[in-house]
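J.: Here you go, one structure.
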Amino acid sequence: MPVRRRPDGRPPEALPEGLAASLVEFAEELRAEGVGSGTAELLDAFAVLDEISWTAPEDFREALAATLAKSQEDRRVFELVFERFFFRAAEAAAIREGVRERGGDDGIDAAHTDIDLDELRRQIAAALRGGSESLMRDLARLAISAFARRDEGSGVIGVDVQRIRRALGLRPEPRPALPPDDPRRAGLPREALRRFEALLRRELERGQIERTEQLPPSRPLSELDRALPSGPLQDLAAVHRVVAQLKRRLKTQGQETRGHRRHAHVDVRRTMRASLQTGGVPVDLRFKPVRPRRPEIYVLCDVSTSVTSASVFFLSVLHALHDSFRKMRSFVFIERISEVTDVFDRERDFRAVSEAIGRDAGVADVSGYTDYGRVWSEFRELVEDDLHPRATVIVLGDARTNGRDPRADVFAEIAARAGRTFWLNPEPRLYWNYGDSVISSYERHCQAFECWTTEQLEDFVKALARPAHAP
Amino acid sequence: MAAVPDSVPAVADGLRAVGYLPADSTALVAYLAYKLGKPILVEGPAGVGKTELAKALAKALERRLVRLQCYEGLDEAKALYEWNYRKQLLRIQAEGQGAGWDDVQDDIFGEEFLLSRPLMDAITSEQPIVLLIDEIDKTDQEFEAMLLELLSDFQISIPELGRVEARTRPVVLLTSNNSRELTEALKRRCLYLWLDYPTLEHELEIVRLHVPELDRTVARKLVEVIGMVRELDLKKPPSIAESIDWARALLLLGARDVDADLFRETLSIIVKHRTDLDVVAERVGVRLDPAAGVAGQTQT
């Protein structure tokens, strides 16, 4: 298939030999990090490089991004891989060619033998509030050399970055104690601070490479790197976006199943009745109508202190689910359980919902520790008559009982009554059944999922959308 | 600008000349798309000027804009072509007796009986055009698959007629609000452009371009406030169009500063949900000066 079209039919040899090979390597690395860039994309990348001057770094990066990274998440990974790849490529070339930026104690170090730390702090803070990239890079170098002098380097780059940041007193929170003309007084923008840290890290790496004259092993991106840079508010928006997309996916998924099973089940009773017209010969087959699954969902959400960090995530999942499914009842629990369905019906705003739950749910009784046993008994009393095989029960919690009786028997009873039971645990699987976590005794009666990122949430909703008796 | 831009700055200047201030990456991707003849997939939140970009490109390139607005349930008959069966019937009746079936059959499936819809229109146009496929994420996956042939080869296959190829190379823009994941096949054929809310300086420029009479300090305060509002978790954050509307309103009211009272009164221009109104009033309103006039002026 001719995917690539060149208006003039020129062969793509215009690029220097080394760059072409590097680009292919770069695409390999992108694929290794999960950005699906195929051959077609790579050919496009070569085509666009013919059109721009690839010596202009910004244009080069944007043009590559436009052809290789086709979604916002991919773009984020692209940025990180781009940084890593071309940084390493440049450093490798520097070692090969024997280029050194500064030798010993001349240049930038000598010019600032006495670096005034206070002045440096002030300047960095000012640069963070609206300085250019190159200014910030210079300041990052200054900071590094200032601290190298004080012999505080630990040799571990991540530790050093944090040490330098702390020593410079760069913090995002406002600090009213400082004098009014200090730029740090109103707090520093988080985004700029993150950029500065990245620069520090990179300059430290550069120094290390120069000292050892070899590249450290390439390190794959961690989950943390990949996460979009965002405050908690944007995280909520992300969950909502995922669930909104999932809602749409659920719709199409349902249709797929309908298509596959259209002729699967003959309705014997109706076929027999229809056959009476033809003298008992079943000429006319009647099929069971396929009804779209309309799940009835019960969600129980732990809001105790042991899951504090996750409970905002959970509440937003709950909120988003509520927007998507009409027949849904929500409960929150700590020591006792309390139904909050009407709160979600009344309040459309997430913040109001979480406030209302904090105010009137009344789930903490005495100690404020989760009591799963009591919660199950109360839940069974509340919904005993309503639970039926078409219902789905979802529990959001860490299954940490604080040493109390887990009452897995009551939970089993609930699971038996409901059609399907799922457990979403905000802890990594590694910590399950460790300490007072009793997830294994519940896992026997339900499907348990690890769920603390939006991707894991997606996996779960796929499972939820699958028909109950699928193989 | 000249109808044939030959560099990235030329595209940027052209867009600027027709009243669209592009970010650097926007101009670059537009130029590449034009040069390589590839469609652009533009994604981003609502109201950052995705559709506006297509309109501005059409104006700058001095081309006609053909627009296909997508919606759920859009199908070939409404996007591509349809047989004009009334005309076909009339034709058969008019010929009636004399002609044989073969003659008539050849005849009634000719271009004359084709009702062309936007996409067909775009393909058959004599003059080069700009094709805008708006909100592609609203359609079904099947429709997306149907677009693939058009996007990669600029041709449409009609069973009765054969292949219709584009006479000129159109510039194609697809916009999406990211309400669902588009298929890999579609993405592979496009260049990707993510449009986000503009930076403070950029937005200030945009506002001043559209409402030049507004006082500079007021305009600056305005975009700062808009930036604060966008940081909140709102149902619908204010778009660029809304900041321009607000600037116009402030101009009409003769405002000399954006203070808390004025903000509360004109809030409904930028925030369009009841729950959002409360959140914004609570979080942003209090940060503004309560007193109007002189006190506020010194602060900006």
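FYI, it's all coordinate maths here, none of it is from the lab. Everything quoted here is computed from the prediction, not taken from an experiment. Quick reminder, even Gly has a Cβ in these numbers, built from the backbone with ideal geometry, and neighbours come from all protein chains shown.
J.: Per residue of A:72-84, how many C-beta atoms from partner chains lie within 10 Å of its own C-beta, taken as a mean?
T.: On the way: counts 6, 0, 3, 3, 0, 0, 0, 0, 0, 0, 0, 0, 0.
Averaged over the peptide's residues, the number is 1.
J.: Continuing with the same structure: Which value, in Å³ per residue, describes the convex hull spanned by the Cα atoms of the range B:200-299? Working shown, then result.
T.: On the way: hull volume 8.7 nm³, N = 100.
Per-residue hull volume (Cα only) is 87 Å³.
J.: Next question. Assuming a viscosity of 0.692 mPa s and a temperature of 37 °C, what translational diffusion coefficient in µm² per second does Stokes-Einstein assign to chain B, Rh being the Kirkwood radius over Cα pairs? Intermediate results must be reported in sequence, preceding the final value.
T.: Details: Rh = 22.1 Å.
Using the Kirkwood radius from Cα pairs, D works out to 148 µm²/s.
J.: While we're here: Quick check: pseudo-label points 7 Å beyond the Cα along Cα→Cβ at B:Leu253 and A:Leu19, how many nm apart are they?
T.: 5.3 nm
J.: Could you give the alpha-carbon Rg of the range B:1-150 over 2.2 N^0.38 Å, rounded to two decimals?
T.: On the way: Rg = 20.0 Å, N = 150, 2.2 N^0.38 = 14.8 Å.
For the range B:1-150, the normalised Cα radius of gyration comes out at 1.36.
J.: Can you give the FRET efficiency to the nearest 0.05 for B:Ala241 and A:Asp436, using r as the Cβ-Cβ distance and R₀ = 41 Å?
T.: Numbers: r = 55 Å, r/R0 = 1.33.
With R0 = 41 Å, the Cβ-Cβ based efficiency is 0.15.
J.: Now a separate question. Which values of log₁₀ I(q)/I(0), to two decimal places, follow from the Debye formula for the range A:12-97 at q = 0.11, 0.12, 0.14, 0.26 Å⁻¹ with a uniform point scatterer at every Cα?
T.: For the requested q values the scattering log ratios are -0.27, -0.33, -0.45, -1.53.
J.: What are the ³J(HN,Hα) couplings of the range B:222-232, residue after residue, when phi is run through the Karplus curve with 6.51, -1.76, 1.60 and θ = phi - 60°? Round to Hz, x for glycine and proline.
T.: Each residue's phi maps through the Karplus curve to give 4, 5, 5, 5, 4, x, 4, 5, 5, 6, 6 Hz.
J.: Which pairs break 23 Å Cα to Cα here: A:Lys70/B:Lys78; B:Lys35/B:Lys187; B:Lys138/B:Lys187; B:Lys55/B:Lys272? Don't skip to the answer; put the middle values down first.
T.: On the way: A:Lys70/B:Lys78 28 Å; B:Lys35/B:Lys187 19 Å; B:Lys138/B:Lys187 16 Å; B:Lys55/B:Lys272 26 Å.
In this structure, A:Lys70/B:Lys78; B:Lys55/B:Lys272 exceed 23 Å between Cα atoms.
J.: Counting other beta carbons within 10 Å of each Cβ, put A:Trp452, A:Trp376 in order, fewest first. Walk me through the numbers before you get to the answer.
T.: On the way: A:Trp452 17, A:Trp376 24.
Ordered by Cβ neighbours within 10 Å, fewest first: A:Trp452, A:Trp376.
J.: Fewest Cβ neighbours within 10 Å first, please rank A:Leu200, B:Leu253 accordingly.
T.: In increasing order of surrounding Cβ atoms, one gets B:Leu253, A:Leu200.
J.: Which number comes out as Rg/Rh for the range B:50-123 once both Rg and the Kirkwood Rh are worked out on C-alpha atoms? Show your work: numbers first, answer last.
T.: On the way: Rg = 17.9 Å, Rh = 15.0 Å.
Rg divided by Rh gives 1.20.
J.: To continue, here is another question. With each label point set 7 Å from Cα along the Cα-Cβ vector, what nm distance links A:Ala40 and A:Thr271?
T.: 4.4 nm
J.: May I pose another question? Using all C-alpha to C-alpha distances in the range B:133-192, build P(r) with 10 Å bins and read off the rounded percent in each one.
T.: 19, 53, 24, 3
J.: Quick check on the exposure proxy: order A:Tyr369, A:Tyr442 from fewest to most C-beta atoms within 10 angstrom.
T.: Working: A:Tyr369 18, A:Tyr442 23.
The most exposed by this proxy come first: A:Tyr369, A:Tyr442.
J.: How much length would be gained if the chain were fully extended between B:Asn84 and B:Glu205, taking 0.36 nm per residue of separation minus their Cα-Cα distance, in nm to one decimal? Provide the component values of the computation, followed by the final result.
T.: Details: separation 121, 0.36 × 121 = 43.56 nm, distance 4.94 nm.
Value of the extension gain: 38.6 nm.
J.: Using only the Cα atoms, what convex hull volume per residue in Å³ does the range B:5-85 have? Don't jump to the answer; show the numbers that get you there.
T.: Numbers: hull volume 9.9 nm³, N = 81.
Cα convex hull per residue, to the nearest whole number: 122 Å³.
J.: Please label the shape of the range A:381-430 as rounded, prolate or oblate, based on the square roots a ≥ b ≥ c of the eigenvalues of the alpha-carbon gyration tensor (a/c under 1.5 means rounded; beyond that, a/b larger than b/c means prolate, else oblate). Can you show the working numbers first?
T.: Numbers: a/c = 2.68, a/b = 1.54, b/c = 1.74.
Here the range A:381-430 falls in the oblate category.
J.: With a/c under 1.5 counting as rounded, go ahead and sort the range A:369-452 into rounded, prolate or oblate using the C-alpha gyration tensor (a ≥ b ≥ c being the square roots of the eigenvalues; past the cut-off, prolate if a/b is larger than b/c, else oblate). Can you show the working numbers first?
T.: Details: a/c = 2.21, a/b = 1.42, b/c = 1.55.
Cα axes put the range A:369-452 in the oblate bin.
J.: A further question follows. Scan around A:Met328 for amide H atoms under 5 Å from its own, H built in the peptide plane at 1.01 Å from N, and keep only partners 5 or more places away or cross-chain.
T.: Amide H neighbours of A:Met328, under 5 Å, 5+ apart: A:Ile297.
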